[in-house]
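One structure is given here, and the rest of the page talks about it.
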Amino acid sequence: MILLSSFLHLRPRRCGPFAGLGRGPGPAAGSRRALRVLVDMDGVLADFEGGFLKKFRARYPDKPYIALEDRRGFWVSEQYGRLGPELSEKAISIWESKNFFIELDPLPGAVEAVKQMANLADTDVFICTSPIKKYRYCPYEKYAWVEKHFGPEFLEQIVLTRDKTVVSADLLIDDRPDITGAELNPSWEHVLFTACHNKHLQLKPPSRRLQSWTDDWKAILDSKRLPPGQAT
């Protein structure tokens, strides 16, 4: 039911949670439509990598670990598994544990930037995040994290899905380099958010990066806006 309601909330909400944040009524006939932006959560808004490393070292102080500057590849458990077969399961146990997601710190500037983004005219912003399959804690804690850092009004802007390709949008800001799913040609442009595990990757044009939330994310959004008269 959470997943279904999240998809239904992808409809523009002109009198919804951001009505008091400077967003006026919907675009008039002939004006440009709202730009829809999906923002990933773990590794883009929440410091998954830093939170994981801190808890891994606390729980397994005698086990080898991978410093953030040495992280390579999106899947933490795979790189830890190459250190030792048992370390993959130990890594997974960290984010399957209670309070892992709710206790993640926001990445620098993330909350402020997304609040500014949501306050822009003709802009619909959704937090689009994939819960882990062991769902006892993760979905609840993701909602609780958003409420804690963004306020209860932002709960209407959450999309939980294991497949982001089926969600319609103009932009997806995400730290995972390879996002695949049922839709071979997603409607969104994937902007890679720089993280410790992907900073070494060389992107081929026209692929783009957002280095951090101090980078010019507004320019990326503006590059996707349709001029007035070309609304769809």
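Under a Cβ-Cβ cut-off of 9 Å, what is the net charge of the residues other than Glu103 that fall near it, where Lys and Arg count +1 and Asp and Glu count -1?
So the surrounding residues net to -1.
Take 214-222, 62-70 and order them by the average number of nearby Cβ atoms within 10 Å per residue, most first; the result is 214-222, 62-70. Each Lys or Arg adds one and each Asp or Glu takes one away; over the other residues whose Cβ falls under 13 Å from the Cβ of Tyr60, this sums to +3.
Accessible area per residue for segment 30-118 is 48 Å², calculated with a 1.4 Å probe on protein heavy atoms, without ligands, DNA or RNA.
The string of couplings for segment 70-75 from the Karplus curve (6.51, -1.76, 1.60, θ = phi - 60°) is 9, 5, 9, x, 5, 7 Hz, one whole number per residue in order, with x for Gly and Pro.
Just to make sure I understand: if all protein chains stay in place, what is the order of Arg208, Arg57 by accessible area at 1.4 Å, largest first?
Of Arg208, Arg57, the descending order of accessible area is Arg57, Arg208.
The values are calculated or read from the model by the stated rules, or taken from the named source; none is laboratory data. All of these numbers come straight from a predicted model, not from anything done at the bench. Using ideal geometry, Cβ is built from the backbone for each residue, glycine included, and neighbour counts are taken over all protein chains shown. SASA here: full protein model, heavy atoms, side chains in, ligands and nucleic acids out. Shrake-Rupley method; radii C 1.70, N 1.55, O 1.52, S 1.80 Å.
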